[in-house]
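A.B. asks: I am attaching a structure below and will ask some questions about it afterwards.
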Ligand code: PD2
Ligand code: ZN
């Protein structure tokens, strides 16, 4: 027998949550009145998600969109990256963030650095007024972009990320490699494009908003150079082969994804960044 989720049931779920009852206790009440556990869980999740989205949009926030997401439902220790097993080292709900272990092999890290070295130049940031690019004091690294699928190594890493994050290769910007020397940093920022900036509509023509970022560490500085999330006082250590993935379902600070590259104090820091768009990046 199928159980039907009525508008009255949805309203009851919302009112229970608003009254401060835990999700566990609401689930227990539903089971006690004969609801199947899976149906009740789905009903609660979809009802509360829809409710929060309605409230957010009513407050003037941009609507949420689907985002990349690894399959972490049963809390696996490892994820299938297709050609490589990748460890899950930690996961946070807000900001939505996952720390990955062994995403890249040492050889892949070395190879990316070697291929990027002769092509480095001062990193640019998006010029928010025009949608072009400019040198900015907030971003003092040196960097370069590979074309998507430019060589075998880049294709292999892109396919791995697509499999891990359940997001099409075509929605990725080209892989970027960055080098930071002592004193250089990337001051805290959001990776999405600010909808209120005049240059943003032009930027969005190439695949829509950014919805996710993967920062992959290619070497280990002696000191400094972590990826910081100042809003939650969290810092990811730049350990070779590891990565931090985070996503943002709307271009808004409510995602908690303010993040920066802390100044390198000693040694060099090399990373590869992959930015993921809503649609196909052309
Ligand atoms: O280098 C980093 O850790 C870092 C920090 C913030 C990279 C990025 N943002 C980025 O590439 O978006
Ligand atoms: Zn960033």
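Derivation of every value follows stated rules applied to the coordinates shown; laboratory data play no part. In this text, all values refer to a predicted model and were calculated from it rather than measured experimentally. No Cβ is skipped: glycine too gets one built from the backbone with ideal geometry, and neighbour counts run over all protein chains shown.
A.B. asks: In Å and whole numbers, how far do the C-alpha atoms of the range 7-68 stretch along each principal axis, longest first?
C.D. replies: Taking the Cα atoms of the range 7-68, the three principal extents are 38, 28, 20 Å.
A.B. asks: Further question: Would you calculate the volume per residue, in Å³, of the smallest convex hull containing every Cα atom of the range 164-214?
C.D. replies: Details: hull volume 6.3 nm³, N = 51.
Looking at the range 164-214, the number lands at 124 Å³ per residue.
A.B. asks: Another question, if that's okay. Direction-averaged shadow area of the convex hull around the Cα atoms of the range 128-282, nm²?
C.D. replies: For the range 128-282, averaging the hull's shadow over all directions gives 8.8 nm².
A.B. asks: Let me ask something additional. Expressed as a whole percent, how much of the Cα-Cα distance distribution for the range 101-148 exceeds 17 Å?
C.D. replies: Distances greater than 17 Å cover 51 percent of the Cα pairs.
A.B. asks: Separate question: Once you compute Rg and the Kirkwood Rh from C-alpha atoms, what is the Rg to Rh ratio for the range 194-264?
C.D. replies: Rounded to two decimals, Rg over Rh is 1.04.
A.B. asks: When averaged across all projection directions, what area in nm² does the alpha-carbon convex hull of the chain cover?
C.D. replies: Reported value for the Cα convex hull: 16.9 nm².
A.B. asks: In the range 32-98, if every C-alpha pair distance is counted and binned at 5 Å from zero, what percent goes to each bin?
C.D. replies: 3, 12, 14, 18, 17, 15, 13, 7, 2, 0
A.B. asks: Rounded to the nearest 500, what is the chain's calculated 222 nm mean residue ellipticity when only DSSP H runs of at least 4 contribute -39500 (n - 2.57) each, over all residues?
C.D. replies: -8000 deg cm²/dmol
A.B. asks: Taking a cut-off of 20 Å, what percent of all Cα-Cα pairs in the range 50-149 are separated by more than that?
C.D. replies: On the way: 3273 of 4950 pairs.
Tail of the P(r) past 20 Å holds 66 percent of the pairs.
A.B. asks: Using 0.36 nm per residue, how much length does the chain from residue 39 to residue 21 gain when fully extended, once their Cα-Cα distance is taken away? Provide the component values of the computation, followed by the final result.
C.D. replies: On the way: separation 18, 0.36 × 18 = 6.48 nm, distance 1.91 nm.
Here the answer is 4.6 nm.
A.B. asks: A further question on this structure: If one takes the longest principal axis of the Cα atoms in the chain, at what angle in degrees, from 0 to 90 and to the nearest 10, does the Cα axis of helix 7-18 lie?
C.D. replies: Tilt relative to the chain: about 70 degrees.
A.B. asks: Would you compute the Debye intensity of the range 207-248 from its alpha-carbon atoms alone, equal scatterers and no solvent, and pass along log10 I(q)/I(0) at q = 0.26 Å⁻¹ to two decimals?
C.D. replies: Reported log10 I(q)/I(0), two decimals: -0.95.
A.B. asks: State the Cα centre-to-centre distance between the range 42-102 and the range 146-167 in whole Å.
C.D. replies: Each part reduced to its Cα centre gives a spacing of 21 Å.
A.B. asks: Would you work out the relative contact order for the chain, in percent, from Cα pairs under 8 angstrom that are 6 or more residues apart?
C.D. replies: 21
A.B. asks: Ok, one more. Which order, highest average first, do 249-261, 17-29 follow once you tally other Cβ atoms within 10 Å for each residue and take the mean per peptide?
C.D. replies: Highest mean packing first, the order is 249-261, 17-29.
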